[in-house]
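Report on one structure; see the data block that follows.
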Amino acid sequence: MIASTASLGEDHRNRPQVDPLAALRTPDDPPWDVYLTGTVFLDIIFTGLDSAPVRGTESWARGMGSSPGGVANMATALARLGLRTSLAAAFGDDHYGDYCWDALQTGEGIDLAPSRTVPGWHSPVTVSMAYEGERTMVSHGHEPPPEEPAPDCPPRARAAIASLTPGTRAPWIAQAASKGARVFADVGWDDTGAWDLASLADLAHCEAFLPNAQEAMRYTGTDCPRAAAHALTEHVPLAVVTLGAEGAYAVDRRTGETASVPAIAVQALDPTGAGDVFVAGFVTGTLAGWPLADRLAFAGLTAALSVQEFGGSLSAPGWCEIGAWWREVQSLDRQDPAALRRYAFLAGLVPEEETAQPWPLRRAVPTIGFRRSA
């Protein structure tokens, strides 16, 4: 396991210096690398709590941040890794909605052409409290308007990312797959308790499925995450099972490859959105054509860097941060040589320190904005 000490990133905006798909691009490419749709939340995150809040008492947090959340976590992570990202979402007709729109479109360069602001609809809000390596969330929002974007005809893209819901079909997933998009899917907890893979009808259109260990074992009826990953490949070509502190395991049915990569040891500030960042890193490596183990390692690295910052979307790392991490871990004494070799593929990807322009990322701050001085 590689140990890292840095909490990387400053508060600036710019564009990624690295295009991971540069060698693959042609004039006939789809306009977007990745398309996704979902609900954007305004996230308010409290960190530095010594314990869970206790009823009837007041708890003070040592840190606080605000940032776009929900599907914005994934969209931002993809954009910061250099993928051309298009998002369809409804935005509230309020200051929260304006802030989220500006943060995603202006701050991150995400295409919001399929998105819209809904008059009279307020932004959903989540308050997240991080403590003892875990988090507790409280959310509020009304049912999204019936016409909330989840279009039947999504734009052409190399890939699409979907969150599957048991018992529900999302027509846009089949549409995207029929246009050549490689669909990557995750899934939430099955509150019905059925855990029936047949209820995930859209899995048939997916190239990859990325559940966590508990979800994978419950859906397959196995008692081992690795066995669950193999069982899932009977339903989808590529299964990736995240194992928390133990890393991740993947099986590719088409090539027969398997890969297991341990987690990176970091001091976590806020785990919000780490799973989304993991998926974004894995999608990036897959579209770039990297070996399976490299994709897993990169996904785990991006997720590990993200938990050292506040918030979900604005905690996602960019290439300068990834490069800074790679240079730092090589400089530390007593690193495991085998672990360093696992990440050697970064040497040909990250910007050199001498030529890298700082990419100061926008980070979550306590308020959603200050008045401009005259």
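Below are the figures for this structure:
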{"item": "Subset of the stretch 173-185 (residues that are open to solvent by 70 Å² or more (accessible area, probe 1.4 Å) and assigned to a helix (DSSP H, G or I))", "result": "Ser178"}
{"item": "The stretch 234-255 residues that are closer than 16 Å to Cys206 by Cβ and among the small types (Gly, Ala, Ser), paired with ones that are in a loop (DSSP other than H, G, I, E, B) and open to solvent by 10 Å² or more (accessible area, probe 1.4 Å) (beta carbon under 9 Å, 6 or more apart)", "result": "Ala239/Leu210; Ala239/Thr233; Ala239/Arg253; Ala250/Leu210; Ala250/Glu257"}
{"item": "Test: residue in the stretch 45-68 that is touching a residue at least 12 places away in the same chain (Cβ under 8 Å), open to solvent by less than 10 Å² (accessible area, probe 1.4 Å) and among the aromatic types (Phe, Trp, Tyr)", "result": "no"}
{"item": "Within the stretch 228-250, tally of residues that are under 20 Å from Ala185 (Cα atoms), open to solvent by 10 Å² or more (accessible area, probe 1.4 Å) and not aromatic (Phe, Trp, Tyr)", "result": "10"}
{"item": "Odd one out for Tyr131, checked against (1) open to solvent by less than 30 Å² (accessible area, probe 1.4 Å); (2) among the hydroxyl-bearing types (Ser, Thr, Tyr); (3) at pLDDT below 95", "result": "(1)"}
{"item": "Among the residues listed as Glu257, Glu215, the single one being touching a Pro at 6+ places or on another chain (Cβ under 9 Å) and either over 22 Å from Trp319 (Cβ atoms) or not small (Gly, Ala, Ser) (or both)", "result": "Glu257"}
{"item": "The stretch 258-274 residues that are closer than 22 Å to Asp336 by Cβ, paired with ones that are of a type in the set (Val, Ile, Thr) (beta carbon under 8 Å, 6 or more apart)", "result": "Thr258/Val251; Ile264/Ile2; Ala265/Ile2; Val266/Val307; Ala268/Val307"}
{"item": "Residues of the stretch 348-360 classified as surrounded by 12 or more Cβ atoms within 10 Å (Cβ to Cβ) and either at pLDDT 75 or above or outside any loop (DSSP other than H, G, I, E, B) (or both), total", "result": "3"}
{"item": "Residue in the stretch 217-227 that is open to solvent by less than 10 Å² (accessible area, probe 1.4 Å) and either over 18 Å from Leu292 (Cα atoms) or of a type in the set (A, V, I, L, M, F, W, C) (or both) present", "result": "no"}
{"item": "Members of the stretch 293-321 found to be touching a residue at least 60 places away in the same chain (Cβ under 8 Å) and in a loop (DSSP other than H, G, I, E, B), listed by number", "result": "Gln308, Glu309, Phe310, Gly311, Gly312, Ala316, Pro317, Gly318"}
{"item": "Residue satisfying all of: in the stretch 1-55; out of contact with any helix residue (DSSP H, G or I) (no Cβ under 9 Å at 6 or more places or on another chain) and among the aromatic types (Phe, Trp, Tyr); modelled with the lowest pLDDT among these", "result": "Phe46"}
{"item": "Every residue from the stretch 186-216 that is among the small types (Gly, Ala, Ser) and either surrounded by fewer than 16 Cβ atoms within 10 Å (Cβ to Cβ) or closer than 24 Å to Leu287 by Cβ (or both)", "result": "Gly188, Gly193, Ala194, Ala198, Ala204, Ala208, Ala216"}
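The values are calculated or read from the model by the stated rules, or taken from the named source; none is laboratory data. Quick caveat, the model's predicted, so the values are computed rather than measured. Backbone-built Cβ (ideal geometry, glycine too); neighbour counts: all protein chains shown. These area figures cover heavy atoms from the full protein model, side chains too; ligands, DNA and RNA do not enter into them. Shrake-Rupley method; radii C 1.70, N 1.55, O 1.52, S 1.80 Å.
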